[in-house]
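Remarks on the structure that follows.
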Amino acid sequence: MQNGTTEAAQSASQAPVISANNLDLTFQTNDGPVHALKGVSLDIEAGDFVSFIGPSGCGKTTFLRVMADLEQPTGGSISVNGVSPAAARQARAYGYVFQAAGLYPWRSIGRNISLPLEIMGYSKAEQQERVERVLDLVELAGFERKFPWQLSGGMQQRASIARALAFDADILLMDEPFGALDEIVRDHLNEQLLKLWARTEKTIAFVTHSIPEAVYLSTKIVVMSPRPGRITDVIESTLPKERPLDIRDSPEFLEIAHRVRDGLRAGHADE
Amino acid sequence: MRQAFVPVLTVVVAIFAIWYVAAIFLNSAWAYDKAKRADVTLSTSQLISDTWSQDKPKLPAPHQVGREIWKTTVEKKITSKRSLIYHSWITLSATLLGFAMGTVFGTLLAVGIVYNRTMDMSVMPWVITSQTIPILAVAPMIIVVLNAVGISGLLPKAMISMYLSFFPVVVGMVKGLRSPDLMQLDQMRTWNASSAQTFWRLRLPSSMPYFFTSLKIAMAASLVGAIVGELPTGAVAGLGARLLAGSYYGQTIQIWSALIMAAALAASLVAIIGVVQRVMLRRMGMS
């Protein structure tokens, strides 16, 4: 079971990790059809950090959920690691971080992180080793025996990221993971996430509302707009891989932020 | 603790006061009757003391009931047929067996309803219908039918307890097993968890607060079921039998002491579940 991930990754090492082609998704509601995604095409290469930004209803979360096989597209095609999202999910190809940490109150932090490992059938010793490793990775070493309510919101979200990292998925899908946290905590977590990304060389798809967050984190920023949900601009970041927090005051950063803002405004203008 | 003491005491005192006053009014007719026949006039204090000490009062005073309970629990050997503890045990054993059966049956039904669409559509109406039938009408039939196939004693009474106690468990557990939100279920899906894994690791633990609340109701219902099961069958032992015998012979004090005993039993059983609930949910971080 655990080998499936790496095999799939190897066979698709050259091809894009995620490849969407003319993707459509229409929800049938009582008020008529809602076009959550229309004609969405995008390639995500291995090791990319891709942010999806746009107003609510632009389909950014829906797109992420399609990659995760949590929604089924009604048209077009998408592959994850060279296979269908369903096959990728069954091969445990990705870790998904939700908006809320979603830790189980009846499990300690360590046991929360080992939950997916238990489900995937890792041995006790292996679980223990992995829990320690990922706790270290998110700087929560020593909190293994604490319970979720004993941790701050930011620490809980870090624990949930650790949980998504615990099994060796090389894709990380993150749906506004820091949306509910305050600015200072968010800055800190962004910095940590970048370090973590550099160390683990994961491919990350990251949904956000915040322009500075998107620009600071990403190698590629995908601007989306609503009704119907579509991609209006894809911006390749020119920022270096090494990014201290004060890079956000550099002219280069502001220029990219400006382009993102223009893209968002353009999406709104044609309503 | 201290803050609760005064209000609780006030209510208890008020209840006893109302009880004593009601005893005077309800029993005075008989007191006047006796006085008239003996051709004496009663002073107020004589009247009051008579209404509180009759043999077969319409409403026995609290101290009469208290004395009867004392006599039939502490002063009687437990093996005696007149010991209230002996009768309570008979009822309690049927209650506990029925409660256990009802809890297991109710939980299984709830699992079926949550996991099986056909059961979801078809079972619930029957479950609700079952509770609209007066238990007093069903109880004799269950006892007679089971007797005809050679089952008597504890089990038929436990069946009636089960009939009443599975209902709150089904309703509570269906709600509880469905309490994980969409995000938590999606999360399980991203890990490609099986239904069984989702059940044991997410749905069942999430349902615990609902489970314990259901158990409290089920326990009280179960005791009622056991008592009702003793009524129509001419049972010779159990709190229900005490109630019935008391009403045959106009032994109101006996009826009331059995009633108080039943209430105390129910209260202690529910309290025990409450303690387990508190300890368990605190340990699970859900209180």
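If the condition is being under 30 Å from A:Ala87 (Cβ atoms) and away from chain A (no Cβ under 14 Å), then region B:167-213 contributes B:Leu177, B:Arg178.
Listed by position, the helices (runs of 4 or more DSSP H) inside region A:1-114 whose residues that are within 14 Å of another protein chain (Cβ to nearest Cβ), over 24 Å from A:Gln192 (Cα atoms) and modelled with pLDDT under 90 number at least 3 are A:2-11.
Out of the residues in region B:261-286 meeting the condition of being within 14 Å of another protein chain (Cβ to nearest Cβ) and without any contact (Cβ under 8 Å) to a residue 12 or more places away in the chain, tell me which one is nearest to A:Leu103 (Cα to Cα). Taking the candidates together, the pick is B:Gly285. Those helices (runs of 4 or more DSSP H) of region A:168-271 in which 3 or more residues are closer than 24 Å to A:Pro16 by Cα occupy A:183-200, A:211-217. Selection of region A:167-201 for residues being under 27 Å from A:Gln128 (Cβ atoms), touching a residue at least 60 places away in the same chain (Cβ under 8 Å) and not hydroxyl-bearing (Ser, Thr, Tyr) yields A:Phe167, A:Asp168, A:Ala169, A:Asp170, A:Ile171, A:Leu172, A:Leu173, A:Met174, A:Pro177, A:Trp197, A:Arg199, A:Glu201. Against the test of being touching a strand residue (DSSP E or B) at 6+ places or on another chain (Cβ under 9 Å), closer than 27 Å to A:Val260 by Cα and free of Cβ contacts under 8 Å to residues at least 40 places away in the same chain, the options A:Val50, A:Val34 yield a single qualifying residue, A:Val34.
Would you call B:Ala258 free of Cβ contacts under 8 Å to residues at least 60 places away in the same chain and in the same structural domain as B:Leu136 (by TED's automatic domain parsing)? It is false that B:Ala258 is free of Cβ contacts under 8 Å to residues at least 60 places away in the same chain and in the same structural domain as B:Leu136 (by TED's automatic domain parsing). The number of residues in region A:115-132 being within 24 Å of the chain's Cα centre (by Cα), surrounded by fewer than 17 Cβ atoms within 10 Å (Cβ to Cβ) and within 14 Å of another protein chain (Cβ to nearest Cβ) comes to 1. Looking only at region A:167-207, residues that are touching a Ser or Thr at 6+ places or on another chain (Cβ under 6 Å) and among the β-branched types (Val, Ile, Thr) come to 2 in all.
Quick grid of which residues meet (1) in a helix (DSSP H, G or I); (2) assigned by TED's automatic domain parsing to the domain that holds B:Ile217; (3) at pLDDT below 95; (4) within 20 Å of the chain's Cα centre (by Cα):
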| residue | (1), (2), (3), (4) |
| --- | --- |
| B:Thr103 | yes, yes, no, yes |
| B:Gln131 | yes, yes, yes, yes |
| B:Val138 | yes, yes, yes, yes |
| B:Met141 | yes, yes, yes, no |
| B:Val144 | yes, yes, yes, no |
| B:Ile160 | yes, yes, yes, yes |
| B:Val169 | yes, yes, no, yes |
| B:Gly176 | yes, yes, no, no |
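Considering only region A:133-147, I want to know if a residue exists there that is within 14 Å of chain B (Cβ to nearest Cβ), without any contact (Cβ under 8 Å) to a residue 60 or more places away in the chain and crowded, with 18+ Cβ neighbours inside 10 Å. Looking for residues that are within 14 Å of chain B (Cβ to nearest Cβ), without any contact (Cβ under 8 Å) to a residue 60 or more places away in the chain and crowded, with 18+ Cβ neighbours inside 10 Å, one finds at least one in region A:133-147, hence yes.
With the requirement that a residue be of a type in the set (D, E, K, R) and either closer than 13 Å to B:Trp256 by Cβ or surrounded by 13 or more Cβ atoms within 10 Å (Cβ to Cβ) (or both), what does region B:35-79 give you? Listed by number, the residues that qualify are B:Asp50, B:Lys56, B:Lys58, B:Arg67, B:Glu68, B:Lys71, B:Lys76. Taken across region B:237-247, residues that are touching a residue at least 24 places away in the same chain (Cβ under 8 Å), surrounded by fewer than 16 Cβ atoms within 10 Å (Cβ to Cβ) and under 22 Å from B:Gly153 (Cβ atoms) do occur, with at least one present.
Filtering region A:209-229 to residues that are closer than 24 Å to A:His35 by Cα and buried (at least 20 other Cβ atoms within 10 Å of the Cβ) leaves A:Ile221, A:Val222, A:Val223, A:Met224, A:Ser225, A:Gly229.
The values are calculated or read from the model by the stated rules, or taken from the named source; none is laboratory data. Worth saying up front: this structure is predicted, and the values here are computed from it rather than measured. Note that we place each Cβ from the backbone using ideal geometry, even for glycine, and neighbour counts take in every protein chain shown.
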